[in-house]
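*Asks:* Attaching a single structure in structure tokens format; questions to follow.
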Amino acid sequence: MTLTQQILTIGTMVVATVSTRFLPFLIFRSRKTPSYIHYLSNVLPPAVFGMLVVYCLKDVHFLSAPFGLPEIIGIVTTIVLHVWKRQMLLSIGGGTAVYMVLVQTVFA
């Protein structure tokens, strides 16, 4: 990839990212936010995390060693941390750290 292509790619990504962040504020600045937008703001985050869990577990073989234990322990750690502290970053980071330690050391 040439330098020009790299600059154009990065520029395109910057414009796409910034526009998706500011577009809702531009669209709804002068009127009340529709009820379906409020509904989506409540429903989409749990749905995205549910899809991520399914995606992460799709290749786990629960019938052969280590029977998905690192994944299950990581998920349980994430749930416990989230119920305890209600901090998304701590929950995800803690669960990921526990999973990585397990995979790299215990279940290597």
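*Asks:* For the stretch 6-50, name all the residues that are β-branched (Val, Ile, Thr), part of a helix (DSSP H, G or I), more than 24 Å from the chain's Cα centre (by Cα) and at pLDDT below 95.
*Replies:* ILE27
*Asks:* Consider only pairs whose beta carbons are under 8 Å apart and that are at least six residues apart or on different chains; among these, list those whose first residue lies in the stretch 47-61 and is within 19 Å of THR77 (Cα to Cα) and whose second residue is assigned to a loop (DSSP other than H, G, I, E, B).
*Replies:* The qualifying pairs are LEU57/GLY68; VAL60/GLY68.
*Asks:* Give the number of residues within the stretch 60-81 that are of a type outside the set (Gly, Ala, Ser) and assigned to a helix (DSSP H, G or I).
*Replies:* 12
*Asks:* Additional query: Output the residue which, of all residues in the stretch 72-98 that are surrounded by 15 or more Cβ atoms within 10 Å (Cβ to Cβ), over 18 Å from PHE62 (Cβ atoms) and not polar (S, T, N, Q), is modelled with the lowest pLDDT.
*Replies:* Here the residue is ILE92.
*Asks:* Of everything in the stretch 82-108, what is under 16 Å from the mean Cα position of the chain (by Cα) and either small (Gly, Ala, Ser) or part of a helix (DSSP H, G or I) (or both)? Give them in sequence order.
*Replies:* Scanning the stretch 82-108 gives HIS82, MET88, LEU89, LEU90, SER91, ILE92, GLY93, GLY94, GLY95, THR96, ALA97, TYR99.
*Asks:* What's the number of the only condition in (1) modelled with pLDDT of 95 or more; (2) closer than 17 Å to PRO46 by Cβ that VAL101 fails to meet?
*Replies:* Single failed check for VAL101: (2).
The values are calculated or read from the model by the stated rules, or taken from the named source; none is laboratory data. Computed from a prediction, not measured in an experiment: that's the story for all the values here. When we count neighbours, we look across all protein chains shown, and the Cβ atoms used for this are built from the backbone with ideal geometry, even at glycine.
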